[in-house]
Amino acid sequence: MLKIEGISAAYHSIPVLKDVSIHVPKGKVVSIIGANGSGKSTLLKAISGLIKINQGRIQYQDQDITAIPAHRIVGLGISLVPEGRQLFAHLSVQDNIRLGAYHYFKKSNRAEIEQSVKQAYQIFPILEKRSKQIAGTLSGGEQQMLAIARALMGRPELLLLDEPSMGIAPLIVREIFNVIVNLNQAGTTILLVEQNAKAALKVAHHSYVLESGNIVLEGIAAELLHNPKVKEVYLGG
Amino acid sequence: MILKRITILITICLFSIGLLISCAEKPPEPKKTYKVGALFSVTGRTSFLGDPEKKTAEMIAEQINAAGGINGHNLELIVYDTEGDATKANLALKKLITQDKVSVVIGPSLSGTSLAVLPLAEQHEIPLISCAASYKIVHNEKTGKPYKWVFKTPQTDTMAVEAIYRRLKSYGLNYIAIMSVTTGFGASGRGELLRLAPKYGMNIIADEKYGPKDTDMTAQLTKIKGIGPQAIINWSVGPTQVTVLRNRSDLGMANILFFQSHGFGSRKNIELAAGAAEGVLAPLGACNIAELLTAYDVQRDVAMKYMQDYKTKYNEPLSSFGGHAWDAMYMVINALTEIGDDKVKIRDYLENNIKGFVGQHGVFNYSADDHNGLTDKAFAMVIVKDGDWSLAD
Amino acid sequence: MLQIAKLPIAIFAALIITFPWMAHQIPVIDHYADIMVFVGIYCLITIGLSLLMGYAGQISVGHAAFFGIGAYVSGILTTNYGLNPWICMIIAMLITAVIALLVGAPSLKLKGHYLAMATLAFGIIIFIIFNEEIEWTGGPDGMPGIPGLSLFGFKFDSVDKYYYLVWAFVLAAFIFTANIIQSDAGRALRAIHTSEPAASAMGVDIAKFKIIVFVYSAVLASLAGSLYAHYLNFINPSTFDLFFSIKLLIMIALGGMHNIWGAIIGALLITFLSYEWLHYFEEFEVIVYGAILLLVTIFLPNGLVGVPEMLKSWVRRKN
Amino acid sequence: MNRLAQEHVLDVQGVAMTFGGLMALSNLNFQVKKGTIKAVIGPNGAGKTTLFNIITGSFPPTKGTVKFKDEPIENLKAHKIADRGISRTFQTIELFSNMTVLENVMMGCHTCVRTSFLSSGLKLPRSHRKETEILDRAMKVLRFIGLGEKINEPADSLALGEQKILEIGRALASEPELVCLDEPAAGLNETETHVASSLIKAINAKGITVLLVEHDMKVVMNISDEILVLNYGQKIAEGTPEGIRNNPRVIEAYLGGEA
Amino acid sequence: METISFTSQLFQYLITGLTVGSVYAMVAVGFNIIYNVTEIINFAQGEFVMLGGLIMVFFHVGMALPLVLAFPATVILVTLVGILLDRLAISPIRQPSVLTLIIATIAASILIKGIAMFIWGKDPFDLPAFSGRNPITVMGAVIQPQYFWVIGFLIVVVIALSIFFDRTIIGKAMSACADNADAAKLVGINVKQMILLSFALSAAIGAVAGVTMTPISLMEYDRGAMLAVKGFGAAILGGLGSFPGAILGGLIMGAIESFGAGLVSSGYKDAFALIVLLAVLFFKPSGILGDIEISKIKRF
């Protein structure tokens, strides 16, 4: 479904990704794990068009999307849940969710949109209770849910998640990962970037380990879970 | 090294651009021309003064040259735009003197710029005929006499103020409110209103101001309304003097006698006031009211001709400010015709031979003690009646 | 790249010294020396502003006020009280310094657009005072009769003499400012501009430095004002209005504010454009002026001093 | 003077920090011994950078005290703290990009060698002398950190590793007693990381106390004498590298618990 | 001789202040719309007002179009100018910094002023009042019908904008850009288009201000700069980015000028407004409602 071929990217002329290739098959959960600063987030930003890449190609469903600007990527069926949530902090929960449907808002009728909103609330019931609240005042976990809900409103076939567990209490992390599994079972392909390696490896089918912008390990997620090298990447040798 | 190169490059550019423009500007001219310089505030916030002045001066120069020039000499009019800026006026006058080598200068349009360049004219000994109102231009406070080289054509504020005060006195009114715009024009008029009030027994019970770009003067007028004067005198130019009239009529103050300054002299103002100018009085020079002048008034012919010429050429109503340039231009032309383009001779001619000169704004009589040459007859008190001027008597 | 080497200053000085002579050789630019007097006066302001805006990164839209305070204090003290112009000049600078300190201390805590508004408001208030206090300032009509300058009997009474006087001040201010830029203090200013957190981590007292530069630039503007008043022998408020503050801003931006040479080039270019060259466009003057500004802002983001750098990188790309 | 107190260069007592209701740090206590290297680690969002910002004076803590050499510094402005002898680097490199390498380090000398505006404007001999002094010191630092060859290059033209090194050098120029390094190895490759770790060791060998935040565990484990582990703004462990490596709470915090 | 009681005077000052302030408020709202999306202060905002007045004169007086046609036509034309401004002056700038953008908008305002002078000349123009010039007397104070139009249009603008930002997806999208441009891109919002839209909107509001104020105060080519300064002052006074702040700021500025002129000194009235502005800034550096949280949350 998504094929990344040898991409390199730099941030302020500092190389962050070096010749990274990744393949995400349809219907699977693929995770990318690695310590801070290994280039995970940059990879997702590159896919969703927020940053330019210097080299390589990104192919999505047989279409080259390397040079497509960010605001058109979502229309192709790729939604990103960015690191740190990146909500519209001064808008209400409702508005955040509705804006998720922005790219097809004009083409569809109200009822259809409301239907999607309802679905989002079904996945995260807490958000319905908070629907009038200003997004910036939500707790970290709720914000993360809202960010996912917003991304889902874009009706993605491929959902990119950037560190959904960051700064969130373990109980909520579990809830969010449950949602991720459910979404995948409902047919959404997922590319998950996580620092929380155990959690990520548990839900993923296939996994890549990124270190300093290079893919250092790759394999079936369940196998990687017990690979001592993973611990080494995180906690040092 | 880069910096060095830039410096050199810039300097070369500077020189070459200056050179190019100047070369393109001045093709060599074989026959001797009379050069007259002019400084008007053609653009900027005081363009309502300089623009008609420039148009008038250019029109006259064209007419003269079309008629064969002055004794066969072509008249070259060099106009610089001061934008009402003292620095620019200063630079431009020096350029007129040292580079263009003109023999006489008309302008500047404003009292401020005139005062700014006055010492230069004295220093370089070149006759200058200012088109600005302030009496300070032709009155050296240290000597009590006029400056040697400086003349002016507009009536001074003093005359306008005296005309108004005399009229008020004849009506038996003496509790008055004054309003003025915070520009040179307004401030100078306000100064004269305050200075001359005791002489005419006037009690100024309100002294209000507003900015040249203000959109509403209701507050000032409300305050005046609260005090209840017998008459209001407003000193301004441009759109504010119309806004004042409108605000006044809105506030139901039309029954209080209202005077405008001589800056009101354009029919456009009556038009813009949309009825609110009815009954307003203003002291105006002849050129505003040419049609109203009786047939045997000496000024009628010149005023009518100027008005028609101007309308034909520029297709816009005459403004009284253009008349100041007309007066200055013809004084200069007379001088050039009579004695040629020697600076000293021109000055002497202006001082001694401008006697009974019939101009747009009055009959001028210059003398060693008077470089303005106008009497209080230069103003006629005019009232707005049925959307047009009418003599107030 | 920010080194102010001795050679360019020497060349600059040589150009300045020979300029009047050169100008007098070519009749059509004979009066350029006269314009250069004003360029010099404006350079004094822009040099200080360049340090304030380009190096310390603080916007001021109110420097016309300091220019005006210098001019009016000099004007009032010389004409009304007959004091020696040089003493008045120093008094004017002291008064300006105090006012700048009082205004700067609270203002410089503001950031970005708020600072711009505060300085702009200050500028307008001062302008209104010039206009309204007629007994002191002569009001809108201005103040004639300000005496010229003389030193030990030597009168600066011609364009060329005054030219050398003004440009001597400019050179001194330029070298003084260049020295500051190259010293520890200058580095601290540039540090503040790049990163306030890092600068304060280096021990730079940011508030203090901002104030010092603000006061310094105000005092230079005041000096320029005094020189202006004694040259023109006349001042009126409209010289010191908001539009002049904006013009100063334009000079800095057009010349390139990250470099003190930009201050000189900007003042030179804008002064010549508005006093001389644009004159030839008559009706279109304003349009041409606006268009030039816009084009420079769009295509030369680093101002005119950035041009060689741009050309270099262009050539490099070509090869 | 009390011997124990002297041993602790830095003493953090009960420090808490809240941002608009969000608790970034809560009731944090720890000390840094003179002449040691102490590392602060923890997952993203654990409050490490907040802690650094409080110590170096970017903002005061909501609660608690920070003592440097027995004197409270928690309410001092950043530049005052720098004057006292704490210098720092930044997570996102904050070099003065419009200056050369040399000038960056010279900027670091600001705390010790100060000249007045007037004397530097007039280039008085005094300011000239001080400028030379600054130059000497900066050159010494640059040779020490191994960037002596690149002094006239613009700071932002350096490679990332060199920029990190330069930032450390700039922090050293003020001859601090305590340097706080915020992720000195982030984004570096293996060789560069190695260079950075040896530099940190060399600094420590000169007697300067080092406090660092770092994600690269190889670096942390190799060079630190003591490690402090934060999670959700709280201290979850403190001790030697060996002890930390095998601490189950730390492993859980890092690799995640059951999900 | 007709006089006026002191209370009536005060009431009159208030009415006048609110009318003048409404114009400032509209200019300030225009500043905020662009500022919120782009963080640019568009100093050409005053020129939109000037163009609104003069183009309206052209349509309504020159071409004798009825008010209902001339008004929208004017707004559309000025909106086009706003769009051109963004496309020709703002979006081509490759390295935008605060100062570059300030200079660019100042340059644009000079350019627009120059073109207006070229088209309309330097004279002021009048526009007939929308519903006559027969004033109404309330509590001894006199109110021009046009005052109601000015204040009324401010209210209409406020309501229209609050509906736009609260109820429409495009409005939400614009707020979203202001809030978090990257996130906006992620949900498919074309940020550049939103910037363009913000210029169009604020030009339209400027045009409305110009059209409604011209029957009171006439209009000429160089009115823009002063209005921009006053409007900028109002926006800063209220707190940049806050719409309620802009309106509050505008009305306060207008009221201070009016009361200052009436009660203290008319020569210093502009100075009073600015001194109050400075005082507010020195005590609350982000303006009256300028707390970023509050301003952006309480859009309307």
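The values are calculated or read from the model by the stated rules, or taken from the named source; none is laboratory data. Note that the coordinates shown come from a computational prediction; the quantities given were computed from them, not determined experimentally. Methodologically, a virtual Cβ is constructed for each residue, glycine included, from the backbone with ideal geometry; neighbour enumeration extends over all protein chains shown. Just so you know, the surface numbers come from the protein's heavy atoms only, side chains and all, with ligands and any DNA or RNA stripped out. Shrake-Rupley method; radii C 1.70, N 1.55, O 1.52, S 1.80 Å.
Scanning segment D:178-222 for residues that are open to solvent by 40 Å² or more (accessible area, probe 1.4 Å) and modelled with pLDDT of 85 or more yields D:His194, D:Val195, D:Ser198, D:Lys201, D:Ala205, D:Lys206, D:Gly207, D:Asn222.
Among helices (runs of 4 or more DSSP H) lying entirely in segment A:169-237, which contain 3 or more residues that are within 13 Å of chain D (Cβ to nearest Cβ)?
Details: elements: A:170-185, A:197-203, A:221-224, A:228-235.
Result: A:170-185, A:197-203, A:228-235.
Per the conditions (1) within 13 Å of chain E (Cβ to nearest Cβ); (2) within 22 Å of B:Asp393 (Cα to Cα); (3) without any contact (Cβ under 8 Å) to a residue 60 or more places away in the chain; (4) touching a Leu at 6+ places or on another chain (Cβ under 9 Å), the sole criterion not satisfied by B:Tyr165 is (1).
Here is a yes/no grid of residues against (1) polar (S, T, N, Q); (2) buried (at least 21 other Cβ atoms within 10 Å of the Cβ); (3) modelled with pLDDT of 85 or more:
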{"position": "D:Val105", "(1), (2), (3)": "no, yes, yes"}
{"position": "D:Gly108", "(1), (2), (3)": "no, yes, yes"}
{"position": "D:Thr132", "(1), (2), (3)": "yes, no, yes"}
{"position": "D:Arg137", "(1), (2), (3)": "no, no, yes"}
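Could you run through segment D:77-93 and say how many residues are in a loop (DSSP other than H, G, I, E, B) and open to solvent by 50 Å² or more (accessible area, probe 1.4 Å)? Outline the logic, then answer.
Here is the first cut: in segment D:77-93, the ones in a loop (DSSP other than H, G, I, E, B) are D:77, D:85, D:89-93.
Still in the list and also open to solvent by 50 Å² or more (accessible area, probe 1.4 Å): D:77, D:91-92.
So the answer is 3.
Going residue by residue through segment B:156-171, is there one that turns out to be assigned by TED's automatic domain parsing to the domain that holds B:Ser236, more than 30 Å from C:Gln25 (Cβ to Cβ), surrounded by fewer than 18 Cβ atoms within 10 Å (Cβ to Cβ) and hydroxyl-bearing (Ser, Thr, Tyr)? The answer is yes; a qualifying residue exists.
Residues in segment C:123-139 that are under 16 Å from C:Ala64 (Cα atoms) and either within 7 Å of chain E (Cβ to nearest Cβ) or among the acidic types (Asp, Glu) (or both): C:Ile124, C:Ile125, C:Ile128.
Is it the case, given these coordinates, that B:Ser188 is among the hydroxyl-bearing types (Ser, Thr, Tyr) and open to solvent by less than 10 Å² (accessible area, probe 1.4 Å)? No; evaluated as a whole, the condition is false for this residue.
When you scan segment C:289-318, how many residues do you find that are closer than 17 Å to C:Ile260 by Cβ and of a type in the set (A, V, I, L, M, F, W, C)? Going through segment C:289-318 one residue at a time, the tally reaches 3.
Does any residue of segment E:193-203 turn out to be out of contact with any His (no Cβ under 6 Å at 6 or more places or on another chain), in a loop (DSSP other than H, G, I, E, B) and buried (at least 21 other Cβ atoms within 10 Å of the Cβ)? Lay out the reasoning, then the answer.
Filtering segment E:193-203 down to residues out of contact with any His (no Cβ under 6 Å at 6 or more places or on another chain) leaves E:193-203.
Checking which are in a loop (DSSP other than H, G, I, E, B) leaves us with none.
No, segment E:193-203 contains no residue that is out of contact with any His (no Cβ under 6 Å at 6 or more places or on another chain), in a loop (DSSP other than H, G, I, E, B) and buried (at least 21 other Cβ atoms within 10 Å of the Cβ).
Cβ-Cβ contacts under 6 Å between residues 6 or more apart (or on different chains), taken from a first residue in segment C:179-190 that is within 7 Å of another protein chain (Cβ to nearest Cβ) to a second residue that is modelled with pLDDT of 85 or more and open to solvent by 10 Å² or more (accessible area, probe 1.4 Å), are listed as C:Arg187/D:Glu103; C:Ala188/C:Phe209. Count of segment A:59-82 residues, restricted to those that are buried (at least 24 other Cβ atoms within 10 Å of the Cβ) and assigned to a strand (DSSP E or B), is 4.
Based on what the data block shows, is B:Val105 in contact (Cβ under 8 Å) with a residue 24 or more places away in the chain, within 11 Å of another protein chain (Cβ to nearest Cβ) and part of a strand (DSSP E or B)? So B:Val105 does not fit the description; no. When we screen A:Arg150, A:Arg155, A:Arg85 for residues that are within 13 Å of chain E (Cβ to nearest Cβ) and either surrounded by fewer than 21 Cβ atoms within 10 Å (Cβ to Cβ) or over 21 Å from E:Asn180 (Cβ atoms) (or both), the only hit is A:Arg155.
Going through C:Gly225, C:Gly290, C:Gly303 one at a time, which residue ends up being within 11 Å of chain E (Cβ to nearest Cβ), under 29 Å from B:Ala116 (Cβ atoms) and open to solvent by less than 10 Å² (accessible area, probe 1.4 Å)?
Numbers: C:Gly225 fails: within 11 Å of chain E (Cβ to nearest Cβ); C:Gly303 fails: under 29 Å from B:Ala116 (Cβ atoms).
Sole residue among the options that is within 11 Å of chain E (Cβ to nearest Cβ), under 29 Å from B:Ala116 (Cβ atoms) and open to solvent by less than 10 Å² (accessible area, probe 1.4 Å): C:Gly290.
Given the structure, is E:Ile4 under 16 Å from the mean Cα position of the chain (by Cα), part of a loop (DSSP other than H, G, I, E, B) and at the interface with another protein chain (Cβ under 10 Å from one of its Cβ atoms)? Please lay out each step first, then the result.
Values: under 16 Å from the mean Cα position of the chain (by Cα): no; part of a loop (DSSP other than H, G, I, E, B): yes; at the interface with another protein chain (Cβ under 10 Å from one of its Cβ atoms): yes.
No.
Considering only residues that are part of a helix (DSSP H, G or I), open to solvent by 10 Å² or more (accessible area, probe 1.4 Å) and at the interface with chain E (Cβ under 7 Å from one of its Cβ atoms), which ones fall in segment A:88-107? Answer for segment A:88-107, where residues must be part of a helix (DSSP H, G or I), open to solvent by 10 Å² or more (accessible area, probe 1.4 Å) and at the interface with chain E (Cβ under 7 Å from one of its Cβ atoms): A:Asp95, A:Arg98, A:Tyr102, A:His103, A:Phe105. The condition of being open to solvent by 50 Å² or more (accessible area, probe 1.4 Å) and either within 21 Å of E:Ile41 (Cα to Cα) or at pLDDT below 90 (or both) holds for only one of E:Val68, E:Val61, E:Val98, E:Val78, that being E:Val98. Of note, B:Leu318 does not satisfy the criterion of being in contact with a helix residue (DSSP H, G or I) (Cβ under 8 Å, 6 or more places away or on another chain) and open to solvent by less than 10 Å² (accessible area, probe 1.4 Å). Out of E:Ala246, E:Ala273, one residue alone is buried (at least 21 other Cβ atoms within 10 Å of the Cβ) and within 30 Å of B:Leu272 (Cβ to Cβ). It is E:Ala273. Identify, from the list C:Pro27, C:Pro8, the residue that is modelled with pLDDT under 90 and either away from chain B (no Cβ under 14 Å) or more than 30 Å from B:Ala89 (Cβ to Cβ) (or both). Checking each option against the conditions leaves just C:Pro8.
Condition check: open to solvent by less than 30 Å² (accessible area, probe 1.4 Å) and more than 28 Å from C:Leu295 (Cβ to Cβ). Does E:Ala89 satisfy that? Talk me through it step by step, then tell me what you get.
Values: open to solvent by less than 30 Å² (accessible area, probe 1.4 Å): yes; more than 28 Å from C:Leu295 (Cβ to Cβ): no.
When the stated conditions are applied, E:Ala89 does not pass them.
Taking segment B:235-253 as the range and being open to solvent by less than 10 Å² (accessible area, probe 1.4 Å), more than 10 Å from chain E (Cβ to nearest Cβ) and hydrophobic (A, V, I, L, M, F, W, C) as the test, the residues that pass are B:Trp235, B:Val244, B:Leu245.
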